[in-house]
Every structure is written in structure tokens, then in C-alpha cells.
Amino acid sequence: MITLVRRVTAACVLGAALTACAAAPHQSARAAHPAPTATSRTSATAAASAAPTLAPGPGGLTPVFRNGSRAHGRTVALTFDADMTADQGPRAAAGEHFDNPGLIAALRALKVPATVFMTGRWAEEYPEQARSIGRDPLFEVANHSYSHHAFTDDCYGLPTVSGDRMRADVERAYAAFRKAGVPDARPYFRFPGGCYDRRALKALTPVGVTAVQWDVVSGDAFATDAEAVSRQVLEGVRPGSVVVMHCTRSAAPTTERVVRTVVPELRERGYRFVKVSALIGS
């Protein structure tokens, strides 16, 4: 039997090549449930009790979602990782832009629902933008960890979160969202680098999140050719796809142009844009 838990062999990491991640089998959607303890309840489920999640995997492990149904119409979810690691504050202070207001403005102008996987450190650096995104019904904010450190060893050079700190790192991100004024962060988590294993899934079980991967890699990280990135997205999208892109101006400078290209083309092909929560709910 195909096991739910296997280490992802390829990942989306700023500074490394982007390749597709391993799939996990589909599981039935359910309403988000209260986490087992009062501490974990304050992380994912208290603010997003109505958000659909997946049932736990074998042994009660954190479930993994990769794409939606291929048979329920031409829907596609654009997701954007707002990456900033815990140690990049000096670079931001020196003028490096880890945000991308132009991209968010383009999504609003095009009326494209989207899911933003945000690190807690990003929310601390850009609280007004985090609050604006989180309060806009066009978007939903999901968790990309606080530190953007890896949850496995050997994940494209990222520093590693120890097993006993994984849960705390995710909960710290939710705390940063609340402090920034994000009212309803979703109970969805994207592993930094896309790297996970059984230990990581077990560590996050008490938090009550669904891990969200993807099936279409845009290749926008450090790309300079927007046309090439657009082609990669358009060639990869299928009904129910989850597309991974980035909301980080300095490291993904072409993403706004890519969005302005692929959105009209996909709509011409009959696709409808939805948030990750809609794909999971379906």
C-alpha cells in the first residue's frame, strides 16, 4: 500500500532549483476540529474553525494535500509563499524587499482569489501588508512557519528546526499573524522547502493543520524570464491544480508579470480561480 508519509524529494526553495514535490494520496475533507490541547487550539483552529481540513493520515499523522479533484470542473489555486527567514532582518533593514505589493495589487485588479503562505517573520516585517492581505476576502493567509527553517535534515541548505521545536515554530507564526492583525489565518501549513518526513508530520499533529504541497511548480524563484515561467505554469495546470509561486520581490521579480499573463490565458481556457480552502472543501 502506498504510504502517506514519505520524504519529499524535491522542494520549492528560494535560492535553489524548483522541482515538483512527491504526491500524497487524497483524503476526505472535514471541518477543522479543535486541537487536542488548549495550547495548540490557539494556533490553527481557534481562528479558522470553519475552514475545511483533511482527516488525519494513518496513525493520526498530519494529512498532506497536493491537488484537488480532477473531475469537479476546471478550478485552480494560485498560492504564493511570502518567504522571510528569521535571520534576514538586517537584509531588510539594508533595503532588500521581501514583499511584493505590485503582485498583490495585480491579483486584486484581476479579481483572483489566492492563498498566501506567510512566514511569521514576514508578518513581523510587513505587518500592515499582512493585515491588509488577511482582511481582504479575496485572499486567505496560511502558515509557512515562523523561521522558514527546514523540518527535515538536508533540505537544500536551509537551517533545520529540531524535532522538539517544530510545533512551537508553527504556533509562533500564528501568534505573529494575530499580532499583525490577521483575523482568520487558515489551518494550512506549507513546509519550508516543501521538505517533510514522518517525524515532521507527527510533530505537527497536535496543531491541527493540513499540510499543503502543490502539483505545479512555477519556477519563479530568481527567474528573469517571465515568459518562460508563464509557459511552465500554463503547461502544468490541470483541473484541481495547486500552483506554487512567491510573494518576494527581491527573490522572485517576475511573478507579477507572470500573473498578468497566465490569469487571462487560464480564464480563456475555462479555468476558475479558487483558494486552497475551496479545493480542500470540494
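The values are calculated or read from the model by the stated rules, or taken from the named source; none is laboratory data. No experiment lies behind these values; they were computed from the predicted model shown. Don't worry about glycine lacking a Cβ; one is built from the backbone with ideal geometry, like all the others, and counts go over all protein chains shown. Protein only, heavy atoms only, side chains kept; ligands, DNA and RNA dropped before computing areas. Shrake-Rupley method; radii C 1.70, N 1.55, O 1.52, S 1.80 Å.
Please give me the summed charge of the neighbours of Gln88: other residues whose Cβ is under 10 Å from its Cβ, Lys and Arg +1, Asp and Glu -1.
Summing Lys/Arg as +1 and Asp/Glu as -1 gives -2.
If you stretched the chain out fully between Ala175 and Arg267, how much longer would it get, using 0.36 nm times the residue separation minus the C-alpha to C-alpha distance?
So the chain would gain 29.5 nm between Ala175 and Arg267.
How many nm separate the modelled label positions at Arg70 and Ser250, each set 7 Å beyond the Cα in the direction of the Cβ?
Spacing of the two 7 Å Cα→Cβ label points: 4.1 nm.
For Val212, enumerate residues with amide H under 5 Å from its amide H, sequence gap 5+ or separate chain, H modeled in the peptide plane.
Phe65, Phe189, Arg190, Phe191
Could you work out how much longer the chain between Asp197 and Ser162 gets when fully extended? Use 0.36 nm per residue separation minus the Cα distance between them, nm to one decimal.
The Asp197-Ser162 span can extend by a further 11.3 nm.
Counting pairwise Cα distances across segment 138-250, what percent come out greater than 20 angstrom?
Taking all Cα-Cα pairs of segment 138-250, the fraction more than 20 Å apart is 48 percent.
With the full set of protein chains in place, find how many percent of the accessible area of segment 201-282 is carbon and sulfur; take the probe as 1.4 Å.
The computed percentage sits at 46.
With 5 Å bins from zero, work out the P(r) of segment 213-278 over every alpha carbon pair and list the percent per bin.
Values per bin, smallest distances first: 3, 19, 29, 27, 16, 6, 0.
Based only on the alpha carbon positions, what is the Kirkwood hydrodynamic radius of segment 74-217, in angstrom?
15.4
Rounded to the nearest 0.05, what FRET efficiency do Glu227 and Asp136 give with R0 = 35 Å and r taken as the Cβ-Cβ distance? Could you check?
Between Glu227 and Asp136 the formula returns 0.75.
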